[in-house]
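Below is one structure; the comments refer to it alone.
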Amino acid sequence: MMSRYLSVPHRRRSLVELSVAMAATALGLAACSAPQSAQAPAASQQIAGDSTTTATSPPAAAPAPAPVAPATTSPPATTARPAAPGAAPITPAPATPAAAAPAAPPAPARPAEPVKVAPRVAELKSGQPITVRTTRALSTSNVKTGDVFSAIVEDPIVIDGFTAIASGARVEGRVSESDKGGRVKGKASLSLELTSVTASNGRKVEIVTSPIDSEAASNKGKDAKRVGVGAGAGAAVGAIAGGGKGAAIGALVGGGAGAAMRGEAAEIAAESVITFELRTPVTITEKK
């Protein structure tokens, strides 16, 4: 009700103050929101147009300018300098290609594992012949029972393609019997057998063979002649010593001495080739 008693100048001043307040409010809103800042001048102009005041109102504050981002300037392009007159043209160096990374070396191939082959086995059965060659002479005159001797294999023994005993292998044996012989009826004999052989695998193998016998030649005629000579020589010595009776005694003595004479020795010459036979089987394994 007090507005009725206000004078016209007071009313105009109130409207101007209201307009200024509203313009300030609009500017504050424009500062908070950019889109609203564009509408603030229009709102203030509309409010100012509605007033019928003829007095000159103070100018509204201009809206705060929006912050402008600084412009990015690109560096000026460098221009090639013109070559001096008479200077050799400059050729750009060729671009060096990037070195390729070295390839990884291939993994070494694993060597193939050797195929394991089972060693071959030779079975020498009973009765298998073994032919050897003697290396020295053997005689009843120079060896006795139990003496040892050596020889070499003459023929190799091959079983199913596997050489169990090679030619030239060492053989050992022994004299199983050496009999120099008795009186007229007796004659010398020599018996040999093998005891071991060196197999192709390098091992010494014990063997048992049938004995090989060698006898001296029959000397009955030679022995009888020796007996007669001995008896005659004894009779002559006895007759000289004591007459007829002495001759009889001498003949007996001479005859006995002649009968005691031995025959020829049994002998196996050196380099003789002899074949023995196995009495028991033997197993020989190939060396790997």
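Brief remarks follow.
- Residue list for region 105-159, restricted to those being of a type outside the set (Val, Ile, Thr), open to solvent by 100 Å² or more (accessible area, probe 1.4 Å) and without any contact (Cβ under 8 Å) to a residue 40 or more places away in the chain: Pro105, Pro106, Pro108, Arg110, Pro111, Glu113, Pro114, Lys116, Lys144
- Yes/no for Val153 being touching a Ser or Thr at 6+ places or on another chain (Cβ under 8 Å) and among the aliphatic types (A, V, I, L, M): yes
- Within region 269-288, residues that are closer than 26 Å to Arg136 by Cβ sit with their Cβ atoms under 6 Å from residues that are loosely packed, with under 11 Cβ neighbours inside 10 Å, at 6+ positions apart or across chains, in these pairs: Glu277/Gly127.
- Every residue from region 200-216 that is in contact (Cβ under 8 Å) with a residue 40 or more places away in the chain, open to solvent by 60 Å² or more (accessible area, probe 1.4 Å) and within 14 Å of Phe276 (Cα to Cα): Val208
- Residue that is most open to solvent (accessible area, probe 1.4 Å) [pool: residues in region 263-283 that are of a type in the set (D, E, K, R) and in contact with a strand residue (DSSP E or B) (Cβ under 8 Å, 6 or more places away or on another chain)]: Arg279
- Residue in region 177-189 that is out of contact with any Phe, Trp or Tyr (no Cβ under 8 Å at 6 or more places or on another chain) and within 20 Å of Gly127 (Cα to Cα) present: no
The values are calculated or read from the model by the stated rules, or taken from the named source; none is laboratory data. From a predicted model like this one, the values you see are computed outputs, not experimental measurements. All Cβ positions, even for glycine, are placed from backbone atoms using ideal geometry, and neighbour counts span all protein chains on display. Only protein heavy atoms, including side chains, enter the accessible area calculation; ligands, DNA and RNA are left aside. Shrake-Rupley method; radii C 1.70, N 1.55, O 1.52, S 1.80 Å.
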